[in-house]
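As structure tokens, the structure follows; a few thoughts come after it.
The values are calculated or read from the model by the stated rules, or taken from the named source; none is laboratory data. All values reported here derive from a predicted model rather than from experimental measurement. Note: ideal-geometry Cβ built from the backbone for every residue, glycine included; neighbour counts use all protein chains shown.
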Amino acid sequence: MAPDIETPLFPLRSVLFPGDPLPLRIFEPRYLDMVQRCHARKLPFGVVTLSEGQDVRTREGGGFQREVFHDVGTLASIEQFDASQPGLIHIRTVGRQRFRLRSRRCLSHGLWVGEIDPLPDDADVAVPDDLRLAARQLQDVLASLSGRAAPEDLPVQPPYRWEDAGWLANRWAGLLPMSLDERHRLMALENPLLRLELVVDRLDALTAPGGPARP
């Protein structure tokens, strides 16, 4: 997508990592037309993380609640689209490339758009030997979930790249309990190995004796 073309934005109280699935139930008027246009034209939209505001825009006083979101987000491509019910669209998206907002503006009907600068994909960095346990632990989590959920509903989807530091870090970062700001900081990190090291530190704390329960 050309960087000087405005991209529609979808502010959410969640963080989308490249490669993560994101199902959405669309019913707000500001998003219904946007999603249909993106689907028809095979274009992505940008998912940005809210620092103020809620997933569904609410009225406050004589207007709407203030929405503030981070500059770094992730493009989402629509993989499945269901508009069989009037006024309601179900979509399944996948996170693609990260971007940084260069500008943003809110249109009259509440839809945010912005000019974006694509961020480089993670470099191919192998998982170091001392961090390989994180891959086996994630495989164990998926095995435990596989009997309780349909394959397409699992939080980690193929292709699996167990040897790739950035891919492994992103999958764990989307699963581990942490604050929204912490999760966003991990997503925005440009060093995939550092991201994995920070994720493994959090994972070690969770799995230590007496630590919180695993995800």
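Taking the criterion of being over 15 Å from residue 170 (Cβ atoms) and not hydroxyl-bearing (Ser, Thr, Tyr), the residues of the range 88-104 that qualify are 88, 89, 90, 91, 92, 99, 100, 101, 102, 104.
Here's a check for you: in the range 58-95, which residue that is over 16 Å from residue 14 (Cβ atoms) and in contact (Cβ under 8 Å) with a residue 60 or more places away in the chain is surrounded by the fewest Cβ atoms within 10 Å (Cβ to Cβ)?
87
Set side by side, the residues 111, 101 differ, and just one is touching a Gly at 6+ places or on another chain (Cβ under 7 Å), surrounded by 15 or more Cβ atoms within 10 Å (Cβ to Cβ) and farther than 22 Å from residue 199 by Cα, which is 101.
Can we say residue 141 is farther than 27 Å from residue 39 by Cβ and either in the same structural domain as residue 22 (by TED's automatic domain parsing) or within 21 Å of the chain's Cα centre (by Cα) (or both)?
yes
Take the residues in the range 116-135 that are of a type in the set (D, E, K, R) and more than 23 Å from the chain's Cα centre (by Cα); name whichever of them is nearest to residue 167 (Cα to Cα). Looking at residues that are of a type in the set (D, E, K, R) and more than 23 Å from the chain's Cα centre (by Cα), I get 132. Among the residues of the range 71-81, those identified as more than 11 Å from residue 24 (Cβ to Cβ) and over 13 Å from the mean Cα position of the chain (by Cα) are 71, 79.
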